[in-house]
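The values are calculated or read from the model by the stated rules, or taken from the named source; none is laboratory data. Because the structure is predicted, anything quoted here is derived from the model rather than measured. Note that we place each Cβ from the backbone using ideal geometry, even for glycine, and neighbour counts take in every protein chain shown. Each accessible area value is taken on the protein alone, full model and side chains, heavy atoms only, with ligands, DNA and RNA left out. Shrake-Rupley method; radii C 1.70, N 1.55, O 1.52, S 1.80 Å.
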Amino acid sequence: MATILTNVRCFAVGVDLTGVSNKVEISAEVESKDRTNYASNGWKETIGGLASAEISGEGQWEAGDPSKVDDASWSQLGGVGPWSISANNAATVGSLAYLTNALRSDYKLGDAVGEVAPWTGTAKSAWPVARGQFAHPPGTARTATGTGTGLELGAVAAGKRLYASLHVLSVAGTTPSITARVESSVDNTFAAPTTRLTFAAATAVGGQILRTDGTAITDTWWRMAWTISGTAPSFMFVDALGIQ
């Protein structure tokens, strides 16, 4: 069945680009290397070389604070950070997500008089693209320590990694701080969860991405958890998890 794109979400480091973008594309490719030889029976043979991915987007230009596309693009140009993109599903918990660590490689703005001010930008992968699920929604404010919904992502085979992105979209309160972590469990009860990844404490808008070390993990259930401190703290954030 054909899909009409109406509900794609795009998060770049600490910015939600959804409300100012009307086109987002993510592509991945593997170099084709020729290995044809005299035993190839007249057929060309190829093997896979280096893999890469690219994210491109465009939309309506805005500026004026760190949550706007212009401020974020200028500050991140030439920098590497997390990107998480939904697949037309509004980034609800358990919905499909694509996440990676990417270099903000170019940014363009401006057009003719009378036009809606546009922007375009590209980010190139610094890590593999992981296909997974959103583990925390962007529209839920958290004011106290807690845990998220469990997701059955599956086990991590030896040589594979669990990737986790964190996008802190807004922060309020006096000396607010949030430390997020990824937990795994043998089942959906999380009776004795194991912490697999811990993000650095965040006190401002921004983003982080982490991955496990390639050791096999037999647990199949995963969730986000967080510790919040400060006076009247409030955080809006989004997380995505994937195995690659």
Packing-based ranking, highest mean first, of 227-233, 44-50 given that Cβ atoms within 10 Å are counted = 227-233, 44-50
Using DSSP loop states and a limit of at most 15 other Cβ atoms within 10 Å to flag chymotrypsin sites (Phe, Trp or Tyr not before Pro), what is the longest stretch of the chain containing no flagged site?
-> 44-244
Expressed per residue, the solvent accessible area of the chain in Å² (1.4 Å probe) is about 50 Å²
Point-charge dipole on Cβ atoms (K/R +1, D/E -1) for the chain, about Cα centre, debye to 20 | 540 debye
The percentage of the accessible area of segment 144-244 (probe 1.4 Å, all protein chains present) made up of carbon and sulfur atoms, to the nearest whole number, is 51 percent
Cross-link pairs LYS44/LYS124; LYS124/LYS160; LYS44/LYS160; LYS68/LYS124; LYS23/LYS44; LYS33/LYS108 - those with Cα-Cα distance over 28 Å = LYS44/LYS124; LYS44/LYS160; LYS23/LYS44; LYS33/LYS108
Work out the charge dipole of the chain with +1 on the Cβ of Lys and Arg and -1 on the Cβ of Asp and Glu about the Cα centre, then indicate which of SER95, GLY148, ALA2 is farthest towards its positive end.
-> GLY148
Gaussian network model of the chain, Cα within-10 Å springs - most flexible of ALA123, ALA192, ALA141 = ALA192
Over the chain, the sum of -39500 (n - 2.57) across DSSP H runs of at least four, divided by residue number and rounded to 500 deg cm²/dmol, gives at 222 nm -1000 deg cm²/dmol
By its C-alpha gyration tensor, with a ≥ b ≥ c as the square roots of the eigenvalues, how is segment 1-96 shaped: rounded for a/c under 1.5, else prolate for a/b larger than b/c, else oblate?
-> prolate
Rounded, prolate or oblate (a/c below 1.5 giving rounded, otherwise prolate when a/b exceeds b/c) for the chain by Cα gyration tensor | oblate
Gyration tensor verdict on segment 30-69 (Cα atoms; rounded if a/c is under 1.5, prolate if a/b is larger than b/c, oblate otherwise) = prolate
Counting only C-alpha contacts under 8 Å and six or more residues apart, can you give the relative contact order of the chain as a whole percent?
-> 22 percent
Carbon and sulfur: what percent of segment 16-116's accessible surface (1.4 Å probe)?
-> 52 percent
